[in-house]
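Inspection log for the structure reproduced underneath, given as structure tokens.
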Amino acid sequence: MIEETFVMIKPDGVKRGLIGEIISRFERKLMAIAELRMVQLSREQAEELYELHKGRDYFEKLINYTISGPVVVMKIVGEEAIMNCRIIIGATDPAKRLPGSIRGDFSPYLTENVVHASSSVEDAQRELKLFFG
Ligand code: CDP
Ligand code: MG
């Protein structure tokens, strides 16, 4: 089934010059970049994006990282896009990231992990609405 999802290249991905490398990985899996924009998130926007994590011990660190530089926000559309984008980005846990995934190839860190992708239909709709109305 064709789905749409929200993907974000985080500040470390942008700073390291990985925008093209990252986008091409979604495109070659036959997913389309339907919308794309570079933005500097405010603290309020970052807290809204990560509202489900409020109260976690890593929340402040996550927010400070997310607003540490510009990010690239995207709407990606394709076959089972939510699942496929999650596979392409790789696991949250550094110990479970496989080489070939974006995080597996580019980040050994838990917090600074280069990319975000929505993890459910509900999250995708909510996150897309925050950035693309
Ligand atoms: O991004 P993903 O959906 O894989 O993970 P999450 O559990 O939804 O957490 C969101 C983000 O918070 C992660 O991508 C990490 O940047 C950060 N995080 C962290 O710094 N420490 C943790 N223990 C868990 C997540
Ligand atoms: Mg998540």
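Here are the numbers:
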{"item": "Reachable aspartates and glutamates, given that their alpha-carbon falls under 15 Å from the alpha-carbon of K29 and they are not under 8 places away in the same chain", "result": "E3, E4, E21, E79, E80"}
{"item": "Within-11-Å neighbourhood charge of M31 [Cβ basis; K, R +1; D, E -1]", "result": "-1"}
{"item": "Relative exposure of S120, S107, judged by other C-beta atoms within 10 Å (fewest first)", "result": "S120, S107"}
{"item": "Over the stretch 2-132, relative contact order from alpha-carbon pairs under 8 Å, at least 6 apart, %", "result": "38 percent"}
{"item": "Rg to Rh quotient for the chain, alpha carbon positions, Kirkwood Rh", "result": "0.93"}
{"item": "Relative exposure of K29, K75, K15, judged by other C-beta atoms within 10 Å (fewest first)", "result": "K15, K29, K75"}
{"item": "Estimated dipole of the stretch 2-132 in Debye, rounded to 20 [Cβ of Lys and Arg +1, of Asp and Glu -1, Cα centre]", "result": "360 debye"}
{"item": "Neighbour net charge for R103 - beta-carbon separation under 15 angstrom, K R +1, D E -1", "result": "+1"}
{"item": "Label-point separation in nm, L30 to F132, each point 7 Å along Cα→Cβ", "result": "2.0 nm"}
{"item": "Out-of-range pairs (alpha-carbon distance over 18 Å; input K15/K129; K75/K129; K10/K75; K10/K96)", "result": "K15/K129; K10/K96"}
{"item": "Förster radius 25 Å - calculated FRET efficiency between L98 and K15, Cβ distance, rounded to 0.05", "result": "0.55"}
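Here, each number is a calculation from the coordinates, and none is a lab measurement. As the structure is a computational prediction, the values presented were derived from the model and not from experiment. Virtual Cβ from ideal backbone geometry, glycine too; neighbours counted across all protein chains shown.
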